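To start, the structure under review is shown below, and the notes come after it.
FYI, it's all coordinate maths here, none of it is from the lab. Only a predicted model underlies this, so the values are computations on that prediction, with no experimental measurement involved. Cβ: placed from backbone, ideal geometry, glycine included. Neighbour counts: every protein chain shown.
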């Protein structure tokens, strides 16, 4: 089942995607809901980020092919063996929806990279959940782009703007509830050209492990988002580009790239 | 004016504190509101965290007397000169209210310290606001405790659990709208005994500078919280302690300290 959040006219609602239509739901997508008689053509609604999370989590380095790149960004020759995830948060302000522009900040030197990822959506509040139970607290999966400004990532002590600037967390287009999260393929396309292809079977820590680990100290709430970590090559995007994160079986998250309006007249 | 959020019976509301009473408000504390006829004795309500923030920001090291301690925690001989804040976020999950327990995680080795701080409350959405305009986007100030597990702060790559574990961000008791934020005194008491005393006039980056800096890349929203950074000595707390963060002119944030219930039987 595909659950989307959408705007029709001035109203925001949840709905279930059926073919080219979306059927509005009533109730809570996290507990119990039913379909209403309100149907819309997908083309007539605006898809929103699929949840309103209280937190957006990343796992730290989580694919073997990113270990060297991460070491280089940290100015270290190599990374010690990863025994645990290194959780961190993308600011809530950075969330944006499918189709919305990724805005390159005017003071970035241009190294704003895509990172296509799979994103788990928490379905039930959890705390100190065991890895083999964590899946029960996940509602489903969607696509995400962990947009990253590499210069700030190298130079700043924290990731607050490197990965948390406004529009740096596009997520969508909807939540797919019926997939095996560790058997997904993940593609990134820039202007229609395939840039990277990876598999969630390569994740060092599977979603259940990340969710369990975070929940040892931080309660996770319905709607919270947990990124998979990035894999493969990442490249800079420039204004005018179109970036697509595609997960067969889930869908395609597509975002145009624009420059921030510079009111300083420079 | 003192603005509080409180629970009376099963209902949560905002109100204005007048002496020993709280007068419920109607409307939005961020735009326009009026007082209602609903009055409660302060003793009869439960004070909640004064806002429901989308983000809780810290500035990084922000008092001269903390520079050496921060360098030591980072395993560095000294810190390079601080030209800018180093913004970071305490997880939304860590927020708790006045009177609520600070819970020492069962897997902490005991180095859970208080850090008394002053906290700015954002009143209006802002983005790329100049330092001399930032004050207009701040509604007022409250007290906060940047609870910090020092062992995790040293060993982990991020602050996710060192400063973001559940209950590690007590904030309150209310928002005072009429104070000069850079002329405040700040006291921390442990079991009634004064542990530290400092002044916001020593802040390396004043609140206006921190808010301006964060807003260059991250939109700040009404209710968001911006901590001052910690000053002075910090010491471990243990179950049974009572910690108070007092800012004369604002109020006292008081929290008991408890141990996490350990269901493992150890």
| said: Taking a ≥ b ≥ c as the square roots of the Cα gyration tensor eigenvalues, with a/c under 1.5 meaning rounded and otherwise prolate when a/b beats b/c, else oblate, which class fits region B:3-61? | reply: prolate
| query | What is the log10 of I(q)/I(0) for chain A, computed with the Debye formula using one identical point scatterer on each Cα and no solvent, at q = 0.09, 0.14 Å⁻¹? | reply | -0.39, -0.95
| Longest to shortest principal axis, alpha-carbon extents of region A:48-119, angstrom | 39, 29, 18
| request: Using only alpha carbon pairs under 8 Å that are at least six residues apart, calculate the relative contact order of region B:153-231 and give it in whole percent. | output: 18 percent
| task | Give, to the nearest whole percent, the P(r) tail of region A:158-220 beyond 16 angstrom, counting all Cα pairs. | result | 70 percent
| said: If I take the rotation axis that carries chain B onto chain A, which residue of chain B has the nearest beta-carbon, and at how many angstrom? | reply: B:89, 3
| message | What percentages make up the Cα-Cα pair-distance distribution of region B:33-85 when the bins are 10 Å wide from 0? | response | 17, 28, 17, 18, 16, 5
| said: Rounded, prolate or oblate, given the Cα gyration tensor of region B:181-266, with a/c below 1.5 counting as rounded? | reply: oblate
| task | In nm to one decimal, list the spacings between the residue B:249 label point and its equivalents in the other copies, with label points set 7 Å along Cα to Cβ, shortest first. | result | 5.9
| Highest-fluctuation residue, A:49, A:105, A:173 considered, GNM on chain A with Cα pairs under 10 Å | A:105
| note | Label points for residue B:261 built 7 Å along Cα→Cβ; distances to same position in the other copies, nm, shortest first, come to 5.3
| field | Relative contact order computed over region A:113-187 (Cα-Cα under 8 Å; 6+ residues apart), in percent | value | 34 percent
| Likely footprinting exposure, A:94, B:54, A:28, fewest C-beta neighbours within 10 Å first | A:28, B:54, A:94
| Distant alpha-carbon pairs in the protein assembly as shown (separation over 40 angstrom), percent | 23 percent
| message | Need one value for B:157-167: mean number of C-beta atoms belonging to other chains within 10 Å of its residues' C-beta atoms. | response | 5
| query | Within 10 Å of each Cβ of A:13-26, how many other protein chain Cβ atoms are there on average? | reply | 0
| task | Pull out a ≥ b ≥ c, the square roots of the eigenvalues of the alpha-carbon gyration tensor of region A:86-173, then state rounded if a/c is under 1.5, prolate if not and a/b is larger than b/c, and oblate in the remaining case. | result | prolate
| message | Along the Cα→Cβ direction, 7 angstrom out, place labels at residue A:154 and residue A:74. What is the inter-label distance in nm? | response | 1.7 nm
| request: Give the value in nm², to one decimal: projected area of the alpha carbon convex hull of region B:108-266, averaged over all directions. | output: 10.1 nm²
| note | Only helices counted: for chain B, with every DSSP H run of 4 or more residues adding -39500 (n - 2.57) and the sum spread over all residues, [θ] at 222 nm is -2500 deg cm²/dmol
| Sorted from shortest, what are the nm distances separating the label point of residue A:34 from equivalent points in the other copies, each placed 7 Å from Cα along Cα to C-beta? | 4.1
| For region B:97-140, what's the radius of gyration and Dmax over Cα atoms, in angstrom? | 16.9, 45
| task | Using only alpha carbon pairs under 8 Å that are at least six residues apart, calculate the relative contact order of chain A and give it in whole percent. | result | 25 percent
| Kirkwood estimate for region B:123-176, i.e. one over the average of 1/r between Cα atoms, Å | 13.5 Å
| message | Sorted from largest to smallest, which semi-axis lengths in Å does the alpha carbon gyration tensor of region A:1-103 give for its equivalent ellipsoid, taking the root of 5 times each eigenvalue? | response | 38, 15, 12
